[in-house]
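> This structure is in structure tokens; I'll ask about it shortly.
Throughout, read-outs are computed from the coordinates displayed, never taken from laboratory work. All figures in this text were calculated on a predicted structure; none of them were measured in a lab. Note that each Cβ is placed from the backbone with ideal geometry, even for glycine, and that neighbours are counted across all protein chains shown.
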Amino acid sequence: MFKKTLASTVGAVLLLGMTACGSSDDAGGAAGGSTSGGGDDAITMGFAQVGAESGWRTANTASIQASAEEAGVELQFSDAQQKQANQIQALRSYIQQQVDVIAFSPVVETGWDTVLQEAKRAGIPVILTDRSIDSPDDTLYATFLGSDFVAEGEKAGEWLVEDSAGADQVNVVELQGTTGAAPAIDRKEGFESAIAGADNIEVVASQTGDFTRSGGRQVMEAFLQSQPDIDVVYAHNDDMGLGAIEAIEAAGMVPGEDIKIITVDAVKDGMQALADGKISFIVECNPLLGDQLMELADQVVAGEEVPKRVVVEETTFTQEEAAAALPDRQY
Ligand code: GYE
């Protein structure tokens, strides 16, 4: 689907992978020649980001870059444009550069063992951030910092079960995240288990919108053509839910009234749509992982013991709660 951009992407990944990001250069310059507050001891981190597919991802990248600068960590940043091959290439370039620590958010769950064994052989610790991998070998990474995506899916399903109590038949269409990605797999599973006992709720169609607004819109347009009776959209992130709103409005219907929408993330645009009544419920997924990541990196590089799993605490939002939280929302 995105073949056109692949050649330029690979070039961009290589380029970004080989050069320090602008912000750490600037920090070095401002400190009067020394590379950071830590001088020669500064930690160098290679960070392989998934892409820039959503508002959540943009906030996550900004958090990591700001926290690195604040912590005096030299950040090498690359954007894989949602392609595993690009991410693997970025990881290999970090190994070759002998960075002190590698952190990445794996675009999909499987297929990492070979490159992570290469990092292990090179003695470079790896921190999984945001998304985890599916591998029998948990010595391939030091720790995993991120949300509990199954719990997020459950919260979405539990809200729907309560909201649908007493209703005859509730037809749900599901906009899945990127195929094979941990949050897509887990948010589907959590939702399904929460609605399993509710005989009146049925998922009538489920397809990936790749976590993007345009993907959500396109898939929703197709659902509106093929499904005669849709009551609820369950979107694995805000952006796809916002795309679904566009499709629903273009079809002459009213989101929030004719069709209810449940999403995950709680980024500003999603919270605004929730406060406006277009979305009915959002499960929060916090993208501000930068500070915790830099702290873990510091400990891992120093050879200290760290917990194998660090779970991010999160909440949920109704329309009233979104209106109240919006003025102070950072992302
Ligand atoms: O929910 C979605 C993004 O991995 C938690 O990725 C992250 C997800 C997030 O594209 O918006």
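> Which value in deg cm²/dmol, rounded to the nearest 500, describes the helix-derived mean residue ellipticity at 222 nm for the chain, given -39,500 (n - 2.57) per DSSP H run of n ≥ 4 and division by the residue count?
Result for the chain, helices only: -13500 deg cm²/dmol.
> Normalising by the residue count of the chain, find the relative contact order in percent from Cα pairs under 8 Å and 6+ residues apart.
Computed value for the chain: 16 percent relative contact order.
> Sort 238-251, 90-103 by packing, meaning the average of other beta carbons within 10 Å per residue, with the highest value first.
238-251, 90-103
> Related question: Here are some pairs, Lys83/Lys260; Lys188/Lys260; Lys120/Lys155; Lys188/Lys268; Lys83/Lys278; Lys120/Lys188; which of them have Cα atoms lying more than 25 Å apart in this structure?
Lys83/Lys260; Lys120/Lys155; Lys83/Lys278; Lys120/Lys188
> A further question on this structure: Could you let me know the centre-to-centre spacing of region 34-107 and region 168-185, using Cα atoms, in angstrom?
About 29 Å separates the Cα centre of region 34-107 from the one of region 168-185.
> Once you have the Cα-Cα distance between Ala324 and Asn200, take 0.36 nm times their residue separation minus that, and quote the gain in nm to one decimal.
The span from Ala324 to Asn200 would gain 41.4 nm if fully extended.
> Give me a comma-separated list of calculated 3J(HN,Hα) values for region 108-114, in order, Karplus coefficients 6.51, -1.76, 1.60 applied at θ = phi - 60°, integers in Hz, x for any Gly or Pro.
So the J values, rounded to whole Hz, are 10, 7, 10, x, 9, 4, 4.
> Using a/c under 1.5 as the rounded threshold, could you call region 149-285 rounded, prolate or oblate? The axes a ≥ b ≥ c are square roots of the C-alpha gyration tensor eigenvalues, and prolate needs a/b larger than b/c, oblate otherwise.
Here region 149-285 falls in the rounded category.
> Also: Between Arg309 and residues 5 or more places away or on another chain, which pairs have amide H atoms under 5 Å apart, with H built 1.01 Å from N, and which residues are they?
Phe144
> Here's something else I'd like to know. Using label points projected 7 Å from each Cα along Cα→Cβ, tell me how many nm separate Asp138 and Glu304, to one decimal.
2.1 nm
> Between Glu192 and Asp276, how many nm apart are label points set 7 Å from Cα along the C-beta direction?
A separation of 3.3 nm, rounded to one decimal place.
> Please report the antiparallel percentage of the DSSP beta bridges confined to the chain, to the nearest 5.
The antiparallel proportion sits near 5 percent.
> Just want the ordering: Tyr331, Tyr234, from fewest to most Cβ atoms lying within 10 Å of their own Cβ.
So the ranking, lowest neighbour count to highest, is Tyr331, Tyr234.
> Still on this structure, I have one more. Taking a spot 7 Å from the Cα of Val254 along the direction of its beta carbon, which residues of region 203-247 have an amide N less than 12 Å from it?
Inside the label zone: nothing.
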